[in-house]
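Enquirer: Quick one: this structure, given as structure tokens, is what I'll be asking you about.
The values are calculated or read from the model by the stated rules, or taken from the named source; none is laboratory data. Everything numeric in this text was worked out from a predicted model, so none of it was measured. Glycine also receives a Cβ, built like all others from the backbone with ideal geometry; neighbour counts cover every protein chain displayed. Note: areas computed on protein heavy atoms with side chains; ligands, DNA, RNA excluded. Shrake-Rupley method; radii C 1.70, N 1.55, O 1.52, S 1.80 Å.
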Amino acid sequence: MAHTRCDRSPVWAELRAHYERSGQGFDLREAFASEPSRFEAWSFQAPEVFADLSKNRIDSVALDLLMQLARDCGLEARRDAMFSGSIINATEGRAVLHTALRAPAGAAPFSDEVQEALERMLAFAEGVRDASASGIRDIVHIGIGGSDLGPAMVVGALRSASDTYCQPSQRLHFVSNVDGHDLASVLPELDPHKTLFVIASKTFTTQETLANALAARDWYLTHGGKDIARHFVATTSNVQAAAQFGISTTFGFWDWVGGRYSLWSVIGLPIAIAIGAQNFKALLAGAHAMDQHFREQPFSRNLPVLLGLLDVWYRNFHGFSSRCIAPYHQGLKRLPAYLQQLEMESNGKGVDADGHALPFGSSPVIWGEPGTNGQHAFFQMLHQGTDVIPVEFIAVRHPEHGSHVSGALDALLQKQHQMLLANCLAQSQALMQGKTVEQALHEKAPTAASNLGALTVARHRSFPGNRPSTTLLMDRLTPRALGALIALYEHRVFVSGALWGINSFDQWGVELGKALCNQLLPRLDSGDAAGLDGSTAGLMNWLRQP
């Protein structure tokens, strides 16, 4: 498939010239003053998500050039190749078809197999949800990486959004870390006769997952459990290995399902148990709606494309190496961690698809914390620090506190939600507007600082402003809306990766550490430091001391 890396297009030099001419001196306050309709021009409606891009350091000239760059790089063809099932993950020789997992019957490759696997998984989930028949009170999901981050994030989001989606009679626990403290903190809460363990590993060889699974099985057997086949199931394609473990109920999937895109597959079993078949299908439907938006809308109104182009503009021309995710909804507290894997594992590459070193930056560092917690932690740096860090605000118009909240308490929590939204709007406004030294001079200075002199205090209390941000809004945090939001981020990552000319679907960077770990494990027991570097040998010897 013909594909041009972004810096090899003649538009790249035009973008560089435009940045040097206008971009580096772009001032958001001046832009709003000179463009009365800037908000209308730079706000976009996608399925379930409204986006305000007006507080970003970009103008129409830059956007036109970026869209031409995307065409030069063959973005449309690469997008269509993904949806059609072509092999676009060249280093592993695989198609990339997570979009097929949420497509309606007959609308994507492998439709029959996908629908069959989906219905079987959902039927099992519904059986578990019937607690009176299944006898299951606790579900412990054991996985790591994409087998954990997606399901844990979605369940946490919809569980906190409303008990409309998650029934309170059953509890879900997520165990991922090979650190025994993770599993040990969950086990005391469990009754082995009322617990279902879900082991999530495509190959059933993932080191951390198998270690936790073996420990969970040992706990189950030593605490009176006798029916492993009933209390352990697996989402895996290695049926033989699962059977050797004692598991007879397995749910398999395909090699074209990447780990960080797998929550839509049978890896989503804990999601289906938590929210039920109907809501799981709504999650898929929201993602599919965003898929269609990505496939059909022109670049100028295509939200995943616009966000991906903005990422390239910021990373490669402004030099911004970080992006902060600030979800103003407690249910989305795990979204930053999920997006870290999605973006940094996908686009954190140093070579292009042909193996040539990239002469420019790729994935930014993704990080964040829910508002308003982040305001009392790191927003100081966002407002007054020496680095410019674009911020992504995510807010929800209507809260859903659950059926147990009513009357006076509901009224109080509704007011708190208005406070939350006001904080969200105020932070993006403050980042853009800033405060001049002159404005600070006219404010009443703190009494304790009066001995420093008015001008010195004013300098401490001034803000440079012109700090960019994007705001994404949803009406309610429903399964459909959450599905659309996740798919929006998936496609955005695809867009920037396509322009950078990298393979966004492999993750060789994690393999070396795994191999070295396997070599070091026996050395920790034996103390054999032969051939190790001085640091590793010294650390190992320190850890081996009683």
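Enquirer: Given (1) in contact with a strand residue (DSSP E or B) (Cβ under 7 Å, 6 or more places away or on another chain); (2) modelled with pLDDT of 95 or more, identify the lone condition not met by Gly385.
Expert: Gly385 satisfies every listed condition except (1).
Enquirer: In addition: Would you check which residues across region 383-394 are exposed (fewer than 12 other Cβ atoms within 10 Å of the Cβ) and under 26 Å from Leu335 (Cβ atoms) and list them? Let's see the steps before the verdict.
Expert: To start, the set of residues in region 383-394 that are exposed (fewer than 12 other Cβ atoms within 10 Å of the Cβ) comprises 386-387.
Across region 383-394, the qualifying residue is only Asp387.
Enquirer: Which one of Gln418, Gln427, Gln439 is under 30 Å from Gly361 (Cβ atoms), in a helix (DSSP H, G or I), open to solvent by 10 Å² or more (accessible area, probe 1.4 Å) and not aliphatic (A, V, I, L, M)?
Expert: Details: Gln418 fails: under 30 Å from Gly361 (Cβ atoms); Gln439 fails: under 30 Å from Gly361 (Cβ atoms).
None of the others qualify; the one that does is Gln427.
Enquirer: Within region 329-350, does at least one residue satisfy the condition of being assigned to a helix (DSSP H, G or I), of a type in the set (Gly, Ala, Ser), farther than 30 Å from Gly402 by Cβ and touching a helix residue (DSSP H, G or I) at 6+ places or on another chain (Cβ under 6 Å)? Outline the logic, then answer.
Expert: Of all residues in region 329-350, those assigned to a helix (DSSP H, G or I) come to 330-332, 335-347.
Within this subset, residues satisfying the condition of being of a type in the set (Gly, Ala, Ser) are 331, 337, 346.
This time we only want the ones that are farther than 30 Å from Gly402 by Cβ, so: 346.
Next, only the ones that are touching a helix residue (DSSP H, G or I) at 6+ places or on another chain (Cβ under 6 Å) stay: 346.
The answer is yes, given that some residue of region 329-350 is assigned to a helix (DSSP H, G or I), of a type in the set (Gly, Ala, Ser), farther than 30 Å from Gly402 by Cβ and touching a helix residue (DSSP H, G or I) at 6+ places or on another chain (Cβ under 6 Å).
Enquirer: Anything in region 15-29 that is in contact (Cβ under 8 Å) with a residue 24 or more places away in the chain, open to solvent by 60 Å² or more (accessible area, probe 1.4 Å) and in a helix (DSSP H, G or I)? List them, or say none.
Expert: Step one: list which residues in region 15-29 are in contact (Cβ under 8 Å) with a residue 24 or more places away in the chain, which gives 15-16, 18-19, 22-24, 26-29.
Next cut, open to solvent by 60 Å² or more (accessible area, probe 1.4 Å) only: 16, 24, 29.
If the condition is that a residue be in contact (Cβ under 8 Å) with a residue 24 or more places away in the chain, open to solvent by 60 Å² or more (accessible area, probe 1.4 Å) and in a helix (DSSP H, G or I), then Arg16, Arg29 are the ones that fit.
Enquirer: From Arg467, Arg461, Arg397, grab the single residue that is of a type outside the set (Ser, Thr, Tyr), open to solvent by 90 Å² or more (accessible area, probe 1.4 Å) and either touching a residue at least 12 places away in the same chain (Cβ under 8 Å) or in contact with a strand residue (DSSP E or B) (Cβ under 7 Å, 6 or more places away or on another chain) (or both). Before the answer, list the steps.
Expert: Details: Arg467 fails: open to solvent by 90 Å² or more (accessible area, probe 1.4 Å); Arg461 fails: open to solvent by 90 Å² or more (accessible area, probe 1.4 Å).
The match here is Arg397.
Enquirer: Across region 33-81, which residue is farthest from the chain's Cα centre (by Cα) among those that are polar (S, T, N, Q) and farther than 24 Å from Arg5 by Cα? Even if it seems obvious, please write down each step before you answer.
Expert: Here is the first cut: in region 33-81, the ones polar (S, T, N, Q) are 34, 37, 43, 45, 54, 56, 60, 68.
Among the residues that remain, those that are also farther than 24 Å from Arg5 by Cα are: 34, 37, 43, 45, 54, 56.
Numbers: Ser34: 36, Ser37: 32, Ser43: 22, Gln45: 21, Ser54: 23, Asn56: 21 Å.
Here the residue is Ser34.
Enquirer: Take region 359-387 and flag every residue that is under 23 Å from the mean Cα position of the chain (by Cα), farther than 11 Å from Cys324 by Cα and β-branched (Val, Ile, Thr).
Expert: Correct list: Thr372 only.
Enquirer: Would you point out which residue out of Ala133, Ala105 is without any contact (Cβ under 8 Å) to a residue 40 or more places away in the chain and more than 25 Å from His293 (Cβ to Cβ)? Reasoning before the result, please.
Expert: Details: Ala105 fails: more than 25 Å from His293 (Cβ to Cβ).
Testing whether each residue is without any contact (Cβ under 8 Å) to a residue 40 or more places away in the chain and more than 25 Å from His293 (Cβ to Cβ) leaves just Ala133.
Enquirer: What pairs come up if the first residue lies in region 250-274 and is modelled with pLDDT of 95 or more and in a loop (DSSP other than H, G, I, E, B), the second is of a type in the set (Val, Ile, Thr) and surrounded by 21 or more Cβ atoms within 10 Å (Cβ to Cβ), and their beta carbons are under 6 Å apart, counting only those six or more places apart or on different chains?
Expert: If the second residue must be of a type in the set (Val, Ile, Thr) and surrounded by 21 or more Cβ atoms within 10 Å (Cβ to Cβ), the pairs left are Ser265/Val257.
Enquirer: Moving on. Restricting attention to helices (runs of 4 or more DSSP H) lying wholly within region 117-217, give those where 2 or more residues are within 27 Å of the chain's Cα centre (by Cα).
Expert: Numbers: elements: 131-134, 146-161, 180-186.
Ranges flagged: 146-161, 180-186.
Enquirer: Could you grab the pairs with beta carbons closer than 6 Å, sequence gap of 6+ or different chains, first residue in region 59-84 and within 18 Å of Trp12 (Cβ to Cβ), second one modelled with pLDDT under 95?
Expert: Asp72/Thr4; Cys73/Thr4; Gly74/Ala2; Gly74/His3
Enquirer: All but one of (1) more than 30 Å from Ser84 (Cα to Cα); (2) within 22 Å of the chain's Cα centre (by Cα) hold for Leu342; state the number of the condition that does not hold.
Expert: Of the numbered conditions (1) more than 30 Å from Ser84 (Cα to Cα); (2) within 22 Å of the chain's Cα centre (by Cα), the odd one out for Leu342 is (1).
Enquirer: What are the residues in region 30-52 that are in a loop (DSSP other than H, G, I, E, B) and either of a type in the set (Asp, Glu) or touching a residue at least 24 places away in the same chain (Cβ under 8 Å) (or both), if any?
Expert: Of region 30-52, the ones in a loop (DSSP other than H, G, I, E, B) are 35-37, 42, 47-48.
Correct list: Glu35, Pro47, Glu48.
Enquirer: Which of the following residues is open to solvent by 10 Å² or more (accessible area, probe 1.4 Å), small (Gly, Ala, Ser), at negative phi and at pLDDT 95 or above: Ala229, Ala242? First the steps, then the outcome.
Expert: Values: Ala242 fails: open to solvent by 10 Å² or more (accessible area, probe 1.4 Å).
Only one candidate qualifies: Ala229.
Enquirer: Based on this model, can you work out whether Leu524 counts as part of a loop (DSSP other than H, G, I, E, B), surrounded by 11 or more Cβ atoms within 10 Å (Cβ to Cβ) and among the hydrophobic types (A, V, I, L, M, F, W, C)?
Expert: Working: part of a loop (DSSP other than H, G, I, E, B): no; surrounded by 11 or more Cβ atoms within 10 Å (Cβ to Cβ): yes; among the hydrophobic types (A, V, I, L, M, F, W, C): yes.
Taking the combined requirement at face value, the residue does not satisfy it.
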